[in-house]
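Below is one structure; the comments refer to it alone.
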Amino acid sequence: MPKMINLMVACAENRVMGRGTKLPWHIPEDQKFFHDETAGKSIILGRICYQTWPRAREDGRRLVVITSNPSLATDGVQVARSVPEALALAEELPGEIYVNGGERIFEEVLALDRPMRLHLTQVHAVVEGDVFFPEWRHIAWREVSRREGSDANFSYTFLALERVVASDKDEVRRGPV
Ligand SMILES: NC(=O)c1ccc[n+]([C@@H]2O[C@H](COP(=O)([O-])OP(=O)(O)OC[C@H]3O[C@@H](n4cnc5c(N)ncnc54)[C@H](OP(=O)(O)O)[C@@H]3O)[C@@H](O)[C@H]2O)c1
């Protein structure tokens, strides 16, 4: 049985999640949630996400960076050339797998048929940017939790969604026993 994959993302109403190599907003409550949720975890992330996250190696995180540059490997950081290679490495690390993007990595992971939880901060604004979270709403999800938040600039919703897998659909078809 492969491990649960957790995807961590904050995106705007127009699915924007990045501008260049940066986040398109500063939302301290979401930043704190992100750091707390990923502390001590095994994390897969793209090269830009890694290089622009100064605290990535802190708080006991074990990292698998997807890149063509093997020299990025260092203490607590493994490198992989592709998403399947990164998943194979993360499978051997302790705990559930967290995927922190970027765009192509999210796209490839969302296309997999395996257990998945989406930690989605929906930022209730249309935001300018050029990096997008791929469309996720065509996939069947079950809402696990929801919490509202806001600050002076944005209102947002913290959602946890779990993918409905084939065996769940069978349960739904069969109905309760
Ligand atoms: N709002 C959020 O929650 C959130 C989450 C994640 C990212 N972001 C934003 O997104 C942007 C960064 O994401 P990004 O998509 O531009 O970059 P990225 O995925 O972090 O990094 C891109 C690099 O990673 C490697 N790579 C990525 N996907 C790959 C794949 N499928 N196969 C092989 N190699 C792959 C390549 O590295 P090499 O060139 O070294 O070979 C590629 O040039 C930033 O703006 C960031 O703030 C936002």
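Secondary-structure-derived ellipticity at 222 nm for the chain, considering helices only, amounts to -6500 deg cm²/dmol, per-run term -39500 (n - 2.57) for DSSP H runs with n ≥ 4. Over the chain, the alpha carbon radius of gyration divided by the compact-protein estimate 2.2 N^0.38 Å works out to 1.05. Report the Rg/Rh value for the range 1-98, based on alpha-carbon coordinates and the Kirkwood definition of Rh. Radius of gyration over Kirkwood radius for the range 1-98 works out to 0.95.
Of the complete DSSP H runs in the chain, none spans 27 angstrom or more by Cα along the long axis with a mean Kyte-Doolittle score not below 1.6. Restricting the range 81-163 to GluC sites (Glu not before Pro) that sit in a DSSP loop and have at most 12 other Cβ atoms within 10 Å of their own Cβ leaves E92, E128, E135.
So how do R142, R137, R163 line up by other beta-carbon neighbours within 10 Å, fewest first?
R137, R142, R163
Throughout, read-outs are computed from the coordinates displayed, never taken from laboratory work. What you see is a predicted model, and the numbers here were worked out from it, not measured in a lab. Every residue, glycine among them, receives a Cβ derived from its backbone with ideal geometry; neighbour counts consider all protein chains shown.
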